[in-house]
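A.B. asks: Right, I'll just put the structure down here and ask away after.
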Amino acid sequence: MSEAQKILVSMTCPSCGGQVQCEEGEDLVLCKFCESAFALTTDEGANKVMYKMTVDKDKALAKVKAWFGSGPKAKDLAAKAAVTEAYPLYLPFWRLIARGKACVCGIEEQRSGKDNQKVEIPREALINREYIYSEIACEAGDLGIQSIVIPDRAEAISYDDQEIVTFGVTSSRDAAYEVGGKAISQQAVKDGSDRMTRVYFSKSFFFPKAFTLIYYPFWIVRYTYEDRTYFATVDGITAHVVSGRAPGNAGSQSTAAGVGGAISGGAIGLGIGLAIATDGADVGIGVLVVGIVAAIVLIGYFYQRFRYGDEILEGALNGKGLKSGRTQEKVQSIYNETYDYFK
Amino acid sequence: MPDFQCPKCGAALPVKPGTQMATCSFCGTVTYIDRSSALFFYLLPFSIDENAAKGIFKRWTAGPAQAKDLESTVKITKLTKEFFPVFRFRRTVNGRETVYAKPAKGTLLPGMQDLTIPPGNIVVYDAKTSTGGAEVIQPDITLDSYLPELTGTPIDQALVYFPIYEISYDYKGSSYQAVIDGSSGAVYTTSSPTRSSSAYIAVMGLAFVLGLLGGALGIMVNPIFFVLIIAGFFAGKLLAGKVVERQKPAKEVKAE
């Protein structure tokens, strides 16, 4: 017997010695010969679910082309970008479905009446909802994907890693479970404290329902523009562009600088002018305060577009660039499974 | 890695990475693979070829954080395609599965310190695995040197080779290093020529001052001064255009 053979253990029934059939992720086995049941104390595997890719290459490429034309991307991107490769890929995700329960007590501040008097209303919320947590089970690298929402029409297929490239799981199952549970508990508290100005007490729990390893399909599209290589990823079921990098539009960068600077300056200038012209009357001061607040928001927004607009980042990507679109949150609540109570 | 044989019938038994059960396709016997004392060799193949790696590097040099003339003046002095070895330990610590990654070779390469195994299609590495012309860096740290410091009981341990492009480049007489993950395309650097934000702040500041004067004087003195807000916009846009304008590398001037 070679060294390698020593690590193989054939699975036989401890009471009758017959062969047993079991699969990855199972923890209970029934012997088909003597009908005795026994527990497996192997390293816990995870149940795997794989979803069927329904978007073909042409559709994925068409979506990426449409994405080229959206947002402040280089004007000639659609015309000059050359797709160098497009390939399907399955990415692994840990998914925890659990009921999140939270009790949150606090107060809500309201202003009412003519003199804007502050009123404190005590609030209590009991949250009882089903949540789904999902997190990528390998390093995110430069994929820009951290979480998924599985659409209702997704079709589960048996796990089979023969044809399509599947990225390997590198993160710990137990760590993902723990982080997921914590995230669900926190989300339950957050949902309960929605209307509260201050929270005085909160307690939360999660009751796990299912923990699964999901393999979800994507298209990875790499393209070049001015000899630079960029990419986009397309959801293999909904066909949405999930993440990507794209060259920015210099014209909209400079417009952002002009608009942001001049308008915010003008807003504060108007306020100062009015405040002085009205000798510090409420109207003038009011316009000044509104002007300053508006100016800060405008400067922040337009400066980002100007300074980092050279590259557009879609999805959860690292590095400098203008973030566009929204990043998929890791926790979602299932709305038809809520039994909340608010007072 | 040696091939396995079914302990019951002796037929070849393929063992997939990351699984703990294998079923013999001939006799149907299920075999449990006790990985706790063995070292498995895995490899993440390159999914980014050399040209794409150069393109990703060029894209990175054009990014908003990098020096403005980096893309047009940078010179790649060395580009090597290699597999970098990392030990991955999966252990049960206090009843929890915990994953550790430890370098199997001492290195100062950017991004190799935090040692995350990049996302990729993990395959078994044996004599038959194609390395696509990439150099396989041999480990110089042994597995045994890590075992005493690890807590818990082992589930499995593996030596994972992951694909990287090591790039050396020159900019204004200094030499820098970058690493591109050959599987997902992430760029790692420690230090790199960066771009100052002062020109950006100055341009927006000018537009702001003109707008401020326009607003204030327009109200207090004469509405004609509102024109300054519009002037601020155009001055800002014009100067901003200069700030964001790219120097085209000389070779792009060539005719089609």
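A.B. asks: Could you sort out which of A:K48/A:K101; A:K323/B:K75; A:K63/A:K182; A:K48/A:K320; B:K102/B:K172 sit more than 31 Å apart by Cα distance in this structure?
C.D. replies: Numbers: A:K48/A:K101 27 Å; A:K323/B:K75 29 Å; A:K63/A:K182 36 Å; A:K48/A:K320 36 Å; B:K102/B:K172 36 Å.
Checking Cα-Cα distances, A:K63/A:K182; A:K48/A:K320; B:K102/B:K172 exceed 31 Å.
A.B. asks: Within region A:170-212, name every residue whose backbone N is under 18 Å away from a label modeled 7 Å from Cα of A:L126 along the Cβ vector.
C.D. replies: A:188-194, A:201-207
A.B. asks: Using a 1.4 angstrom probe, figure out how much accessible area the protein assembly as shown has per residue, in square angstrom, rounded to the nearest whole. It would help to have the intermediate numbers written out before the result.
C.D. replies: On the way: 28490 Å² over 599 residues.
With the other protein chains kept in place, the protein assembly as shown gives 48 Å² per residue.
A.B. asks: Here's a follow-up. Using the Cα gyration tensor of region A:90-169, with a ≥ b ≥ c the square roots of its eigenvalues, what is the shape: rounded (a/c below 1.5), prolate (a/b larger than b/c) or oblate (neither)? Please report the intermediate quantities before stating the final value.
C.D. replies: On the way: a/c = 3.96, a/b = 2.88, b/c = 1.38.
Taking the square roots of the gyration eigenvalues as a ≥ b ≥ c, region A:90-169 is prolate.
A.B. asks: Accessible area lost on pairing B with A, both sides, 1.4 Å probe, Å² to nearest 100?
C.D. replies: Values: alone 15060 and 19960 Å², together 28490 Å².
Summing both chains' loss of accessible area gives about 6500 Å².
A.B. asks: Show me, bin by bin at 10 Å from 0, the whole-percent P(r) of chain B based on Cα pairs.
C.D. replies: Taking all Cα pairs of chain B, the binned fractions are 6, 20, 21, 17, 13, 10, 7, 4, 1, 0 percent.
A.B. asks: While we're here: Could you give the length gained by full extension between B:S168 and B:I201, i.e. 0.36 nm per residue of separation minus their alpha carbon distance, to one decimal place? Display every interim value, and only then the final one.
C.D. replies: On the way: separation 33, 0.36 × 33 = 11.88 nm, distance 3.21 nm.
Taking 0.36 nm per residue and subtracting the Cα distance, the gain is 8.7 nm.
A.B. asks: Also: I need to check one value: relative contact order of chain A, counting alpha carbon pairs closer than 8 Å and at least 6 residues apart, in percent. Present the calculation step by step, with values, prior to reporting the outcome.
C.D. replies: Values: 701 pairs, mean separation 78.7, N = 343.
In percent, rounded to a whole number, it is 23.
A.B. asks: Using alpha carbons only, how many angstrom separate the centre of region A:186-255 from the centre of region A:300-335?
C.D. replies: 9
A.B. asks: What FRET efficiency comes out for A:F342 versus B:T80 if R0 is 56 angstrom and r is the Cβ-Cβ distance? Round to the nearest 0.05.
C.D. replies: Working: r = 61 Å, r/R0 = 1.10.
In this case the efficiency is close to 0.35.
A.B. asks: Where a Cα-Cα gap under 18 Å defines reach, which lysines qualify for B:K237, not counting those fewer than 8 residues away within the same chain?
C.D. replies: Qualifying lysines at Cα under 18 Å: A:K73, A:K75.
A.B. asks: Report the charge-dipole magnitude of the protein assembly as shown in Debye, nearest 20, computed about the Cα centre from +1 at each Lys and Arg Cβ and -1 at each Asp and Glu Cβ.
C.D. replies: Values: 62 positive and 62 negative charges, 326 e Å.
For the protein assembly as shown, the charge dipole is close to 1560 debye.
A.B. asks: Still on this structure: Quick one: angle between helix A:173-192 and the longest Cα principal axis of chain A, in degrees between 0 and 90, rounded to 10, please.
C.D. replies: The angle comes out near 40 degrees.
A.B. asks: A further question follows. Under 5 Å between amide H atoms, partner at least 5 residues away or on a different chain: which partners does B:S47 have, H built in plane at 1.01 Å?
C.D. replies: So B:S47 has HN proximity to B:S183.
A.B. asks: Could I ask something else about it? Would you kindly calculate the translational diffusion coefficient of chain A, applying Stokes-Einstein with the Kirkwood radius from alpha carbon pairs, for 10 °C and a viscosity of 1.306 mPa s, and quote it in µm² s⁻¹ without decimals?
C.D. replies: Numbers: Rh = 24.9 Å.
Estimated via Stokes-Einstein, D reaches 64 µm²/s.
A.B. asks: Between B:N222 and B:K242, what length in nm is gained on full extension when 0.36 nm per residue of separation is reduced by their alpha carbon distance?
C.D. replies: On the way: separation 20, 0.36 × 20 = 7.20 nm, distance 3.24 nm.
Computed gain between B:N222 and B:K242 is 4.0 nm.
A.B. asks: OK, next. Per the 1.4 Å probe, what fraction of the accessible area of region A:253-305, in percent, lies on carbon and sulfur atoms? Please report the intermediate quantities before stating the final value.
C.D. replies: Working: 1900 of 2420 Å².
Heavy-atom surface of region A:253-305 belonging to carbon and sulfur, 1.4 Å probe: 79 percent.
A.B. asks: Computed over the Cα atoms of the protein assembly as shown, what is the convex hull's projected area averaged over all directions, in nm²? All intermediate terms of the calculation are to be shown ahead of the outcome.
C.D. replies: Details: hull surface 144.9 nm².
Average of the hull's projected areas for the protein assembly as shown equals 36.2 nm².
A.B. asks: Can you give the angle from 0 to 90° between the axis of helix A:57-68 and the longest principal axis of chain A, with both taken from C-alpha atoms, to the nearest 10?
C.D. replies: The helix A:57-68 is inclined about 20 degrees to chain A.
A.B. asks: Counting only protein heavy atoms, probe 1.4 Å: which residues of region A:227-242 lose 30 Å² or more of accessible surface in the full assembly compared with their chain by itself?
C.D. replies: A:D227, A:R228, A:T229
The values are calculated or read from the model by the stated rules, or taken from the named source; none is laboratory data. Everything numeric in this text was worked out from a predicted model, so none of it was measured. Backbone-built Cβ (ideal geometry, glycine too); neighbour counts: all protein chains shown. Quick note on the areas: whole protein, heavy atoms, side chains included, nothing else; ligands and nucleic acids left out. Shrake-Rupley method; radii C 1.70, N 1.55, O 1.52, S 1.80 Å.
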